[in-house]
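Throughout, read-outs are computed from the coordinates displayed, never taken from laboratory work. Keep in mind that what you see is a predicted model, and the values were worked out from it rather than measured. Here Cβ is always computed from backbone atoms with ideal geometry, including for glycine, and neighbour counts include all displayed protein chains.
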Amino acid sequence: MLEKLTGVYSSKKSYYVELKKQIQETKKRNTQLEILFKLAKSMDVDIDLPEIMDSIVDELSEILPFDHLELVDFTRENGAQNTFFWKPNHSLARHSSSQDFAQVIKIHLNAKNSNVGKLLVCNHQEMNYSDTDLLFLEQLAAQLSVCLQNLNLYEEAIQRKIEWEETFRAVQDPIIFIDLDYNIRRVNDSVLNCYHLELEEIVGQKCFSFLHNEEDVCNPCPVREVLKKGKPSQQQMEMRNGRIFDFSYYPVYNNKNEIYGIIQYGKDVTKKLEMEAHWRNLSKQVALGEMAARVAHELNNPLTVVLGNIQMSLLDLTENHEDYKALSDAFNYGLRCQKIVHDLLTFSRHDKHVMVPLDLHFLLDESMDATRFQIDYQQLDISKEYYQHLPVIQANPDQLKQALINILTNAWDAMQHTPEKRLAIRTGLIDEKVYITIEDNGCGIRPEHHFKVFDPFFTTKEEGTGLGLSISYGIIKAHGGEISLRSEAGSGSTFRITLPITPEERERNVQLPGSHSQGDVNISEAMK
């Protein structure tokens with residue numbers, strides 16, 4: 001009857017003893033399953049190995065008596081090993097040699113054909129572990145093997161993530177990650193430094209709004225092109241701060257080989273383009289200078305004779321004579337040809353002129369006086385902002401005056417069709433150099449011509465020779481200075497000239513009152 005009711009074959013006398021054993025075995029098996037469950041659960045949790053063992057050692061000591069438990073981790077870098085010890089009271093034990101124990105059960109922890117560690121169960125006396133206990137130890141070792149490998153993989157993934165993030169942040173060129181909806185999701189430190197913004201001010205903005213100040217997707221749009229073709233795209237663009245960048249756009253794929261974002265990588269090529277233009281100018285000047293010198297010398301003498309004969313003929317005629325107008329036109333065009341020859345000689349001349357200390361303000365006023373026959377200053381609204389304590393410079397007055405006259409004449413020509421003509425001239429000091437800005441509100445210069453305006457013989461004027469700005473460029477460079485252009489079509493142009501001050505003035509360490517040491521505030525004001 002007892003066997004039919006309980007499944008326990010025993011006499012009535014031993015029934016309760018057998019039943020108690022079965023209950024204990026059931027509890028033990030449940031505890032084993034709980035331990036294995038905790039280990040399995042810990043695979044997805046960011047905790048270290050001692051914490052994992054701490055969570056099970058108490059329960060383990062209840063179902064598997066031991067005096068010393070040792071776990072060795074072989075997954076460390078450079079072959080190093082981490083060894084942890086426990087006693088039955090759930091506390092980390094001091095280091096003990098396995099030789100100190102009468103019984104040592106050693107189980108190797110293997111994962112994917114690799115030995116990742118070992119588990120040692122040690123006792124001072126021989127313990128009679130059942131086959132069920134030994135089977136459980138094998139199951140425990142298998143779970144610990146997976147835990148060790150997963151923890152190692154997790155640490156490697158975290159380390160790679162950190163390394164990738166540090167690399168991403170450290171790249172000196174701007175990098176932007178854009179999602180499929182044109183939202184900026186991530187930028188590196190170079191972007192923050194370039195725009196002087198915080199990360200929260202950039203992330204979440206639309207790329208066309210942040211980069212191009214547009215309200216809708218650009219046309220053409222390189223991001224859309226990458227999404228459509230699945231191939232990288234390139235674009236050269238001038239930024240809001242005036243710098244020119246070459247942007248490359250690369251598709252980013254997920255594990256399903258689907259594009260889930262775009263990487264925009266930028267390279268500042270402003271200096272590269274400036275250097276290319278500079279060397280292009282130099283090579284042209286060398287070749288054209290030699291040609292111009294020969295042509296000019298060959299034309300100058302016969303042209304002088306032609307102009308002399310025409311002038312003598314005009315003296316013998318009255319203004320009412322039928323040939324007077326034709327000869328006058330011939331004489332005026334001859335003078336123009338003579339000016340072109342003079343410009344060619346100036347362009348090709350490489351003579352060294354004497355440098356003397358100069359007052360730049362006095363030279364500017366002289367240059368304006370010298371152009372009164374060419375420029376109708378009565379039609380001009382002229383504003384002068386001269387820095388009061390401008391130091392003297394070392395320069396050749398004739399050459400520098402010619403450069404200034406060329407730029408002033410160029411500004412006047414650009415304003416011919418402007419109703420209200422305005423000319424602004426400013427001077428200042430920056431980085432131990434004086435600067436001059438000459439700003440007009442004329443027709444401006446198209447972007448594609450910005451790097452050509454200083455090229456010899458490049459002109460957009462119907463009657464221009466294309467030598468004025470090229471000559472000015474050569475003169476400024478010969479003085480150790482720089483000349484640059486800032487212009488927008490229809491909004492006028494600004495030429496900026498910087499020239500070094502004399503060594504004596506440099507020793508005085510002259511700076512603008514109340515300005516930064518680099519003069520950033522003053523140059524920004526001059527370039528408004």
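What is the ratio of the Cα radius of gyration of the stretch 183-230 to 2.2 N^0.38 Å, with N the residue count, to two decimals?
After normalising by residue count via 2.2 N^0.38 Å, the value is 1.24.
Considering only DSSP states other than H, G, I, E and B, which GluC sites (Glu not before Pro) in the stretch 137-209 qualify as loop sites with at most 14 other Cβ atoms within 10 Å?
Qualifying residues, ordered by number: 198.
For 66, 373, which order do you get if you count the other beta carbons within 10 Å of each Cβ and list the fewest first?
373, 66
Report Rg/Rh for the stretch 172-268, rounded to two decimals, where Rg is the Cα radius of gyration and Rh the Kirkwood radius.
Radius of gyration over Kirkwood radius for the stretch 172-268 works out to 0.94.
Could you line up 164, 412 from fewest to most neighbouring Cβ atoms inside 10 Å?
So the residues, fewest neighbours to most, are 164, 412.
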